[in-house]
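One structure is given here, and the rest of the page talks about it.
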Amino acid sequence: MAAIHSVCVYCGSQTGDRPEYVEAAHALGDAIADRGLRLVFGGGQVGIMGQIADRVLERGGEVIGVIPKSLMRVEIAHGGLTELHVTDDMHQRKALMAERSDAFVTLPGGIGTLEELFETWTWRQLGYHDKPLGLLNVAGYYDGLLSWLDEATEHGFVRGPCRTWLEVDVDPASLLASLGA
């Protein structure tokens with residue numbers, strides 16, 4: 001496994017309805033900064049996305065945001081980042097985020113967050129990368145998804161090795177350690 005210098009975090013542009021989601025973003029931000037890792041994220045200052053970026057910056061860490069032009073106003077591009085890249089579309093955004101990252105972690109989020117996780121996971125399955133994937137299961141948020149993944153694996157729709165590529169933990173520091181960071 002290659003050395004990890006930067007972690008891409010997929011997460012919500014909302015904060016959700018439980019304080020644990022923001023607390024987890026702060027804890028992951030602390031763990032990223034404490035390890036001297038660079039955060040790569042969606043570039044917005046709103047939701048959990050903005051919370052983790054702010055936390056890493058407060059702790060003196062580097063933060064790279066990647067946002068498509070069409071979301072500059074909706075997600076309110078974060079103004080205080082180490083780097084902010086503006087892309088033409090979502091495809092370019094995801095490709096650049098993946099290119100700039102050595103590992104991926106998913107926090108609670110919605111449809112877009114899941115789409116990012118599954119696309120990155122599919123890229124690994126297809127051999128486009130071999131970077132580690134992590135899921136932070138905050139307050140059981142992803143229990144239903146994990147149950148479905150286990151069932152899909154049991155029924156032969158997800159190959160066993162592919163299923164094991166997704167590291168799952170409830171503790172941010174422990175998750176980063178399991179990813180090699």
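Brief remarks follow.
- Of the residues Asp130, Asp150, the single one that is open to solvent by 10 Å² or more (accessible area, probe 1.4 Å), acidic (Asp, Glu) and either touching a His at 6+ places or on another chain (Cβ under 9 Å) or closer than 23 Å to Leu39 by Cβ (or both) is Asp130.
- Lone unmet requirement of (1) in a helix (DSSP H, G or I); (2) polar (S, T, N, Q); (3) buried (at least 19 other Cβ atoms within 10 Å of the Cβ) for Ser101: (1)
- Looking only at region 104-121, and only at residues there that are touching a Ser or Thr at 6+ places or on another chain (Cβ under 8 Å) and of a type in the set (Ser, Thr, Tyr), the one that is surrounded by the most Cβ atoms within 10 Å (Cβ to Cβ): Thr106
- Complete set of residues in region 159-170 that are out of contact with any strand residue (DSSP E or B) (no Cβ under 6 Å at 6 or more places or on another chain), within 22 Å of Tyr10 (Cα to Cα) and open to solvent by less than 60 Å² (accessible area, probe 1.4 Å): Cys162, Arg163, Asp169
- Restricted to strands (runs of 3 or more DSSP E) entirely inside region 1-71, those with at least 2 residues that are touching a His at 6+ places or on another chain (Cβ under 7 Å) and open to solvent by less than 60 Å² (accessible area, probe 1.4 Å) are 63-68.
- Any hit, region 72-88, residues being modelled with pLDDT of 95 or more, in contact with a His (Cβ under 8 Å, 6 or more places away or on another chain) and open to solvent by 40 Å² or more (accessible area, probe 1.4 Å): yes
The values are calculated or read from the model by the stated rules, or taken from the named source; none is laboratory data. All of these numbers come straight from a predicted model, not from anything done at the bench. As a convention, Cβ positions derive from the backbone with ideal geometry for all residues, glycine included, and neighbour counts pool all protein chains shown. Surface areas here come from the heavy atoms of the whole protein model, side chains and all, with no ligands, DNA or RNA. Shrake-Rupley method; radii C 1.70, N 1.55, O 1.52, S 1.80 Å.
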